[in-house]
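Take a look at the structure set out below.
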Amino acid sequence: MARPSLHALQKGIFDGTIKTVVVWKLDRLARYFREGVEVVCDWRQKGIRVVSVTQQIDLSGTVGRMVAGVLFAIAEIELQHIRERQAIGIAVAKKKGIYTGRKFGKTKAPPARARALRKQGLTVSEIAQALGVEERTVFNYLSKPR
């Protein structure tokens, strides 16, 4: 849910400048059931009208919210199927020697920079934000010898 456009939308809703949200499809709003339901319920409590263009539903009423819940659940199932198919495809490609992953020595950010920032007293999350990588990547950088 770390999406700048969504955060800007949320700010507009919070400020009261946005009264209606029109989405192309509900699964573009959130891929997970819980996230989607929480966002829609939060918006509805604030009096925001939510409309899905492709699915042709208005979530203003009780039935609309129920249908939204079902669509979010289906979106989560589809996402799980995509990940399973992707994992199977990667396994097959690895067997064929086509997929080898990232080349050794290639990193998203310089590990030495992560170590330097750590020596300056920054936390792992601060280092991750500064380098534009995940916290897990920072832990990997810090755990590897120079």
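The single residue among ILE90, ILE77, ILE48 that is β-branched (Val, Ile, Thr) and either within 19 Å of LEU6 (Cβ to Cβ) or touching a helix residue (DSSP H, G or I) at 6+ places or on another chain (Cβ under 6 Å) (or both) turns out to be ILE48. When restricted to residues that are farther than 17 Å from VAL138 by Cα and of a type in the set (Lys, Arg), segment 73-119 contains 6. Applying a threshold of 6 Å to beta carbon distances and a minimum spacing of six or more residues, or different chains, the list of pairs starting in segment 25-54 at a residue that is among the hydroxyl-bearing types (Ser, Thr, Tyr) and ending at one that is part of a helix (DSSP H, G or I) reads TYR32/GLU76; SER52/LEU26.
The single condition from (1) in contact with a Ser or Thr (Cβ under 8 Å, 6 or more places away or on another chain); (2) exposed (fewer than 10 other Cβ atoms within 10 Å of the Cβ) that GLY121 fails is (1). ALA128 fulfils the conditions (1) buried (at least 16 other Cβ atoms within 10 Å of the Cβ); (2) assigned by TED's automatic domain parsing to the domain that holds VAL40; (3) of a type in the set (Gly, Ala, Ser) except for a single criterion, (2).
The criterion of at least 3 residues that are at pLDDT 85 or above and within 20 Å of GLN10 (Cβ to Cβ) is met by the following helices (runs of 4 or more DSSP H) wholly inside segment 36-143: 62-96. Among residues of segment 9-20 that are under 18 Å from VAL51 (Cβ atoms), none has a beta-carbon under 6 Å from a residue that is surrounded by 11 or more Cβ atoms within 10 Å (Cβ to Cβ) and acidic (Asp, Glu) at least six positions away or on a different chain.
The values are calculated or read from the model by the stated rules, or taken from the named source; none is laboratory data. In this text, all values refer to a predicted model and were calculated from it rather than measured experimentally. Cβ coordinates were reconstructed from backbone atoms using ideal geometry, including for glycine residues, and neighbour counts include every protein chain displayed.
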